[in-house]
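See structure below.
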Amino acid sequence: MNPLTAAHFHLALCHVPIMAILFGMGWLAFGVWRRSLDIQKAALSMFVLAGVLAVPLYLTGGTAAGVVKGLPGFSDHILEQHQAAAGVTLAGCIVIGIAALAGLLVFRGRIIANWFGILLLAAALVVGGLVTWTANLGGQIRHSEIRAYDAQTD
């Protein structure tokens, strides 16, 4: 894959897991509260989507980093933080995606058990924090205007 294409793909794709987790959390909370099978299924499907798309997002990160290294405003320090956070976030997205897929299979055709919905909602809060933190670090790599501090640029 062309490095520029991989960088574009990485930047375009990076928003999907964040939105999938956030919408999934909202839908799951509402679905559990209303005891709506359709809304719960939609929420779990969003978590599966986040888990699946986190893989190509992670895999294109190295190529995207190579494209921006050396550009004005680039921060190697923040890139290293972003890469470390990305590994943890990938694991979280995969775990919640697998758990959601298991829930879709186990609770097929019936309301998801409250304990499962609440457990998955708690996990989604953690993973939602991880994806938001990782994305924020990723944005700071090239956008010094959103950095909370003046990181050294390399």
Next on the checklist: What do you get for the angle between helix 114-142 and the principal long axis of the chain? Use alpha-carbon atoms, 0 to 90 degrees, nearest ten.
Outcome noted: 10
Checklist entry - Hey, of [x] 91; [y] 100; [z] 129, which did the structure itself give for volume of the Cα convex hull per residue in Å³ when calculated? => result [y]
Checklist entry - Pairing the Cα long axis of helix 76-106 with the longest principal axis of the chain, what angle in degrees results, from 0 to 90 and rounded to the nearest 10? => result 20
Checklist outcome for this item: When R35, R110, R142 are arranged by how many other beta-carbons sit within 10 Å of their Cβ, fewest first, they go R110, R35, R142
Checklist entry - So what is the calculated 222 nm ellipticity per residue for the chain, using -39500 (n - 2.57) for each DSSP H run with n of 4 or more, over all residues, to the nearest 500 deg cm²/dmol? => result -27500 deg cm²/dmol
Checklist outcome for this item: Put in order of increasing Cβ neighbours within 10 Å, starting from the fewest, M19, M25, M46 give M19, M25, M46
Checklist entry - From the backbone phi of segment 58-69, what are the Karplus-calculated ³J(HN,Hα) couplings (6.51 cos²θ - 1.76 cosθ + 1.60, θ = phi - 60°) in whole Hz, Gly and Pro given as x? => result 5, 5, 8, x, x, 5, 4, 5, x, 6, 8, 4
Checklist entry - Dividing the alpha-carbon radius of gyration of segment 51-107 by 2.2 N^0.38 Å (N being the number of residues), what value is obtained? => result 1.47
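Any read-out appearing in this document is the output of simple, stated calculations on the displayed coordinates, not a laboratory observation. Computed from a predicted model, the values in this text were never measured in an experiment. So basically every Cβ, Gly included, is an ideal-geometry build from the backbone, and we count neighbours across all protein chains shown.
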